[in-house]
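Note sheet for the following structure.
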Amino acid sequence: MMPMPIQPARISAATLTTALGRGRRTHVDALARMRPGLRPALGSESEPNGAKPVLDELTAPCWVGVVDGLDDAPLTGTLAAFDCRNNRLAAVALETDNFAAQVEAARRRRGAHRIGLFLGTSTSGIRHSELCYRRYVEQNLPGLGDDLRFDSTHAYISVADFCRRRLRLAGPAMVISTACSSGAKTFAAAHRALSVGLCDAAVVGGVDTLCATTLLGFQALGLLSPTACTPWGLGRSGISIGEGAAFALLELAQDERSQGDAGAPALLGYGESDDAYHIASPHPEGAGALLAMRAALETAGLQPADIDYINLHGTGTPANDLAEDRAVTALFANAVPVSATKGWTGHTLGAAGAVEAVLSLLCIEHGLLPGTLNTATPDPELTAHLVRRSERRRLDRVLSNAFGFAGNNCALVLGRI
């Protein structure tokens with residue numbers, strides 16, 4: 001059965017924080033000026049972090065996207081039990097672009113019980129657990145004591161519990177963890193909740209931070225690039241991991257309590273699929289990715305020609321980029337410009353789908369077609385219409401792709417009502 005067109009969801013507020021900095025304006029400036037956010041993980045005298053490695057456990061060279069200042073921003077007071085790097089990043093992002101205040105206005109207007117919360121993550125507070133274990137092993141102590149605080153740091157639900165308390169929300173809340181598609185899937189999950197009346201508004205997004213488990217895991221898989229990642233590039237060798245957080249506030253359009261919908265930024269459609277081809281590799285022809293993109297167009301009531309730009313998942317790994325290129329060209333040929341923004345931020349994992357959805361919204365708002373940073377020579381085997389340098393251009397409808405391990409795929413169509 002083909003998906004039916006959905007009622008658009010107005011995006012009333014949005015924010016993001018990545019290695020590029022804090023807030024919407026910083027990210028627009030970086031995309032327009034082709035200013036990178038990645039740095040060597042092992043440190044360099046010429047880099048902002050000097051000679052100090054980002055993580056002591058790292059031994060192999062790689063580049064990462066770091067959000068500066070988190071080490072000096074502990075959570076205190078009634079939320080101190082949630083203190084870990086992931087929740088610190090969430091706290092910073094919520095205060096950026098006046099986002100928390102806009103959620104508070106919606107809470108007063110609609111009621112705390114009528115605002116849902118849907119967040120994506122893959123690491124949650126794993127870094128806190130790593131540091132706890134290392135400290136106790138190095139000190140030869142018999143147990144972890146109270147330091148670990150598993151439920152409020154390590155567990156996936158931690159970031160939702162923290163954000164729910166910080167925003168004083170009481171509606172339905174959940175965490176989605178489907179690897180790299182997690183943040184994008186929160187938009188789809190929230191729209192379904194809005195459509196059936198579980199809530200009147202929803203905070204969606206994703207938060208993920210750097211940890212040794214992820215970096216060393218991708219290194220063991222041979223998927224970690226020793227240099228800044230080069231999506232769609234000839235000779236590309238893998239990903240650069242970054243940390244980031246992005247949030248958006250969704251409300252169904254044409255709601256009697258929603259004013260000024262015409263021309264507002266919105267979620268127009270979404271598509272999800274699971275090709276289940278392999279636990280870590282995509283279907284070589286991008287079969288699941290193609291299904292997700294088709295469904296996104298169908299739920300938006302659009303044709304391929306209606307899309308002005310595609311924000312690729314674009315990880316920089318040989319297999320992923322090839323599979324996505326085949327899926328994109330099967331649906332769009334090479335008629336629609338495409339690019340990947342992970343060369344700026346790194347792959348923010350469970351937050352990537354949300355980060356890139358907000359980036360897509362900014363591109364629509366500012367008439368900006370972002371290039372593909374670091375990619376000097378495109379791979380001639382990939383035939384999608386790759387944009388290498390940023391340019392100003394009107395964009396009305398953008399498709400944003402997020403494809404995760406085991407073929408957990410999600411595509412979002414963003415535009416204006």
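Suppose we filter the range 274-306 for residues that are under 18 Å from M4 (Cα atoms) and of a type in the set (A, V, I, L, M); how many remain? Before the answer, list the steps.
Step one: list which residues in the range 274-306 are under 18 Å from M4 (Cα atoms), which gives 290-304, 306.
Cutting the leftovers down to of a type in the set (A, V, I, L, M) gives us 290-293, 295-297, 300, 302.
Selection size over the range 274-306: 9.
Listed by position, the strands (runs of 3 or more DSSP E) contained in the range 1-109 that have at least 2 residues being open to solvent by less than 50 Å² (accessible area, probe 1.4 Å) and of a type in the set (A, V, I, L, M, F, W, C) are 9-18.
In the range 63-72, what residues are touching a helix residue (DSSP H, G or I) at 6+ places or on another chain (Cβ under 9 Å) and at pLDDT below 95?
Of the residues in the range 63-72, the ones touching a helix residue (DSSP H, G or I) at 6+ places or on another chain (Cβ under 9 Å) are 64-65, 67, 69-71.
Within the range 63-72, D71 is the sole residue that qualifies.
Is at least one residue of the range 214-234 at pLDDT 95 or above, polar (S, T, N, Q), out of contact with any Leu (no Cβ under 8 Å at 6 or more places or on another chain) and open to solvent by 20 Å² or more (accessible area, probe 1.4 Å)? Checking the range 214-234: at least one residue is at pLDDT 95 or above, polar (S, T, N, Q), out of contact with any Leu (no Cβ under 8 Å at 6 or more places or on another chain) and open to solvent by 20 Å² or more (accessible area, probe 1.4 Å). For first residues located in the range 261-283 and farther than 14 Å from N320 by Cβ and open to solvent by 30 Å² or more (accessible area, probe 1.4 Å), partners that are charged (D, E, K, R) and not in a strand (DSSP E or B) and lie 6+ apart or on another chain with Cβ distances below 8 Å form the pairs P265/E365; E272/K185. With the structure loaded, tell me whether N409 is surrounded by 18 or more Cβ atoms within 10 Å (Cβ to Cβ), closer than 18 Å to P282 by Cα and within 12 Å of the chain's Cα centre (by Cα) or whether it fails that test. No.
I want to confirm something. Restricting to the range 337-374 and keeping residues that are in a loop (DSSP other than H, G, I, E, B) and touching a helix residue (DSSP H, G or I) at 6+ places or on another chain (Cβ under 7 Å), which single residue is surrounded by the most Cβ atoms within 10 Å (Cβ to Cβ)?
So in the range 337-374, the residues in a loop (DSSP other than H, G, I, E, B) come out as 340-341, 346, 348, 367, 370-374.
Then keep just the ones that are touching a helix residue (DSSP H, G or I) at 6+ places or on another chain (Cβ under 7 Å); that gives 341, 348, 370, 372-374.
Details: T341: 26, T348: 31, P370: 27, T372: 27, L373: 26, N374: 24.
If we take residues in the range 337-374 being in a loop (DSSP other than H, G, I, E, B) and touching a helix residue (DSSP H, G or I) at 6+ places or on another chain (Cβ under 7 Å), then T348 is surrounded by the most Cβ atoms within 10 Å (Cβ to Cβ).
The residues of the range 129-187 that are within 30 Å of S360 (Cβ to Cβ), open to solvent by 40 Å² or more (accessible area, probe 1.4 Å) and of a type in the set (K, R), listed by number, are R164, R165, R166, R168.
If you go through the range 284-308, how many residues are buried (at least 18 other Cβ atoms within 10 Å of the Cβ), in a loop (DSSP other than H, G, I, E, B) and out of contact with any helix residue (DSSP H, G or I) (no Cβ under 6 Å at 6 or more places or on another chain)? Counting residues in the range 284-308 that are buried (at least 18 other Cβ atoms within 10 Å of the Cβ), in a loop (DSSP other than H, G, I, E, B) and out of contact with any helix residue (DSSP H, G or I) (no Cβ under 6 Å at 6 or more places or on another chain) gives 3.
The values are calculated or read from the model by the stated rules, or taken from the named source; none is laboratory data. It should be emphasised that the depicted structure is a prediction, and the values quoted were computed from it without experimental measurement. As a convention, Cβ positions derive from the backbone with ideal geometry for all residues, glycine included, and neighbour counts pool all protein chains shown. Ligands, DNA and RNA are stripped out before the accessible areas are found, and what is left, the full protein with its side chains, is counted by its heavy atoms. Shrake-Rupley method; radii C 1.70, N 1.55, O 1.52, S 1.80 Å.
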